[in-house]
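Let me begin by presenting the structure, written as structure tokens, before commenting on it.
The values are calculated or read from the model by the stated rules, or taken from the named source; none is laboratory data. Everything numeric here is computed off the predicted structure, so don't read it as measured data. Every residue, glycine among them, receives a Cβ derived from its backbone with ideal geometry; neighbour counts consider all protein chains shown. Areas reflect the complete protein model, heavy atoms only, side chains present, ligands, DNA and RNA absent. Shrake-Rupley method; radii C 1.70, N 1.55, O 1.52, S 1.80 Å.
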Amino acid sequence: MSFREDGHAAVEWAADYLERVGELPVLAQVKPGDIRSRLPASPPEQGEPFSAVLRDLDEILLPGTTHWQHPRFFAYFSVSSAEPGILAELLAATLNSVGFLWRTAPASTELELLVCDWVAQLLGLPQSWHGHIEDTASTSTLAALIAARHNTGRNVVVASEHAHSAAEKDARMLGMEFRPVPTDAEFRLRPDALELGDVAVVVATVGTTSVASVDPVSAIADRCAAAGTWLHVDAAYAGSAMVCPELRWAFDGVERADSLVVNAHKWMFTPMDCSLLWTSRPDEFRDAFSLVPEFLRTTDEGAFNLSEYGPALGRRFRSLKLWAILRCYGREGLQARIREAIRLAELFEGWVRDEPGWELCAPRHFSLVCFRREGPDEENEALLERVNASGEIFISHTRLNGRYVLRLAIGNERTTEDDVRRAWDLLRHTAVK
């Protein structure tokens, strides 16, 4: 078959999958090693038709897929990849731009700068900030830590005990010291607990992983400014919510950050991976990363080389899929989807609050609800395992104040009120068995 025929078959497969994903088990119903045992141990000697790839995708790989596109995927931070972004990913792979210099990828470079400026406008960020795209928030935070150490000459990273583990892992990889600080009753970093004399960077979080708590960024910024400490804000999950004016209370003080990360692949419906990293100190950021050997030197006047602003040299055309989402959804489309996710989370929160024998475990921020069945941790853990094994839903857990807590996060644009009601009914009925 030809590329065109195979392409039509692949798009048909994708469209069919998105139509039927809600009927599949959310969590892969396989054991470790099952998928590999069904695949040849050695590569083929002769080439095979693309139809064989699609056949094995259906018969072997799909049963081993946990479906992040499923409307009842409620684990971690539930996300979805929207159709315009999926198609743009195909186009980006077709062009296969490699943007280590402006010259090697002018369109990719300039579109990346543009979409970061567009998103900054949507979120109400300062227009003077430099923005570019990394793969994930872990890499974006790594870059921020590198810039902070380079510019402060210090070697200590501070974050709350509820900050994403990427802060500690990145510090470890860089040989920096990581110091967790305690949180208050609402799981927010306590500014009064900060001792910053030798600290390179504080990682403040808007929307922590466990509970979506909101650190008091403005007060933290005061402490950082007084101590000459870099302030990095991790808003990987919740940052997209700034597109809704009524939610900007949570981002008070973010405009004072030295760097900020927001993942478009979380709540802007952009295919993985697309992590937006801004800095209010672009010259210092570039100073930390710019290294231009002779073979990369060009005569392009005023060229902007994004490889001088982060760890990677080669860069793929990530901005194309985000550009497609922004153009096809617009501000109103993004606002509508984020508000609907929050409305559904508020509904679920109310059902838990009103049901005897259940309890809420943290204030609800955005679209994450933390809750548990009254009783021992072991019963809640067993409940999670049973509902996940059913294939009907997929939820995750955390520990708060030493207790096992269930998490239900809503973010998939295909999730309906009926999907959330099915999750709640399943949890209630399973709990009494």
**Fill in**
In debye to the nearest 20, the charge dipole size for the stretch 328-433, taken about the Cα centre with +1 at each Lys and Arg Cβ and -1 at each Asp and Glu Cβ, equals 260 debye
**Item:** Farthest toward positive dipole pole in the stretch 1-105 [+1 Lys/Arg, -1 Asp/Glu at C-beta], among 100, 61, 50
**Value:** 100
**Asked** Just for the Cα atoms in the stretch 249-370, what are the lengths along the principal axes, largest first, rounded to whole Å?
**Response** 70, 30, 22
**Under 13 Å from residue 169, Cα to Cα: aspartates and glutamates that are on another chain or at least 8 residues apart** = 177
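Calculate, in whole percent, how much of the Cα-Cα pair population of the chain lies beyond 35 Å.
Details: 32076 of 93528 pairs.
The proportion of pairs with Cα distances above 35 Å equals 34 percent.
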**Request:** For a quick protection proxy, order the peptides 338-347, 415-424, 178-187, 312-321 by their average other-Cβ count within 10 Å, most packed first.
**Result:** 312-321, 338-347, 415-424, 178-187
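Expressed as a whole percent, how much of the Cα-Cα distance distribution for the stretch 347-422 exceeds 17 Å?
Details: 1260 of 2850 pairs.
When every Cα pair of the stretch 347-422 is considered, 44 percent fall beyond 17 Å.
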**Among 401, 21, 292 - extreme Cα towards positive end, dipole of the chain, charges at beta-carbon** = 401
**Asked** Which value results for Rg/Rh of the stretch 150-257 when Rg is the Cα radius of gyration and Rh the Kirkwood radius based on the inverse mean 1/r?
**Response** 0.95
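Stretched out fully, how many nm does the piece from residue 390 to residue 414 gain, at 0.36 nm a residue minus the Cα gap? Spell out each step's value before the answer.
Values: separation 24, 0.36 × 24 = 8.64 nm, distance 2.03 nm.
The residue 390-residue 414 span can extend by a further 6.6 nm.
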**Item:** For the stretch 1-134, projected area of the alpha-carbon convex hull averaged over all directions, nm²
**Value:** 12.1 nm²
**Request:** Only helical DSSP H runs with n ≥ 4 go in: add -39500 (n - 2.57) per run for the chain, normalise by residue count and round the 222 nm mean residue ellipticity to 500 deg cm²/dmol.
**Result:** -12500 deg cm²/dmol
**Fill in**
Sorted on mean Cβ neighbours within 10 Å (highest first), peptides 78-85, 222-229, 9-16 come out as 78-85, 222-229, 9-16
**Prompt:** Which far-off residues, 5 or more places away or on another chain, put their amide H under 5 Å from the one on residue 159, with H placed in the peptide plane?
**Reply:** 179, 181, 203
**Fill in**
Log10 I(q)/I(0) at q = 0.14, 0.18, 0.26 Å⁻¹ for the stretch 333-372, from Debye over equal alpha-carbon scatterers, is -0.32, -0.48, -0.81
**Point-charge dipole on Cβ atoms (K/R +1, D/E -1) for the stretch 1-102, about Cα centre, debye to 20** = 400 debye
**Item:** the stretch 65-161: equivalent-ellipsoid semi-axes (sqrt of 5 x gyration tensor eigenvalues, Cα, Å)
**Value:** 27, 24, 15
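Express the C-alpha Rg of the stretch 163-216 as a ratio against the empirical globular expectation 2.2 N^0.38 Å, rounded to two decimals. Write down the numbers at each step before the final one.
Details: Rg = 11.4 Å, N = 54, 2.2 N^0.38 = 10.0 Å.
My calculation over the Cα atoms of the stretch 163-216 gives 1.14.
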**Message:** Within the chain, what whole-number % of the accessible surface is contributed by carbon and sulfur, with the 1.4 Å probe and all protein chains included in the calculation?
**Reply:** 52 percent
**Request:** Quickly rank 350-362, 111-123 as a protection proxy: mean count of other C-beta atoms within 10 Å, highest first.
**Result:** 111-123, 350-362
**Item:** Spacing of the two label points (7 Å from each Cα toward its C-beta) at residue 18 and residue 128, in nm
**Value:** 4.1 nm
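Distances over 20 Å make up what percent of all Cα-Cα pairs in the stretch 299-433? Present the calculation step by step, with values, prior to reporting the outcome.
Values: 5209 of 9045 pairs.
Cα-Cα pairs of the stretch 299-433 separated by over 20 Å account for 58 percent.
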**Message:** Starting from a Cα-only point model with no solvent, please compute log10 I(q)/I(0) by Debye for the stretch 203-292 at q = 0.12, 0.14, 0.19, 0.24 1/Å.
**Reply:** -0.39, -0.53, -0.90, -1.22
**Prompt:** Dipole size in debye (nearest 20) for the chain around its Cα centre, Lys and Arg Cβ +1, Asp and Glu Cβ -1?
**Reply:** 260 debye
**Request:** Work from the charge dipole of the chain (Cβ charges, +1 for Lys and Arg, -1 for Asp and Glu, about the Cα centre) and give the residue of 311, 376, 9 farthest towards its positive end.
**Result:** 376
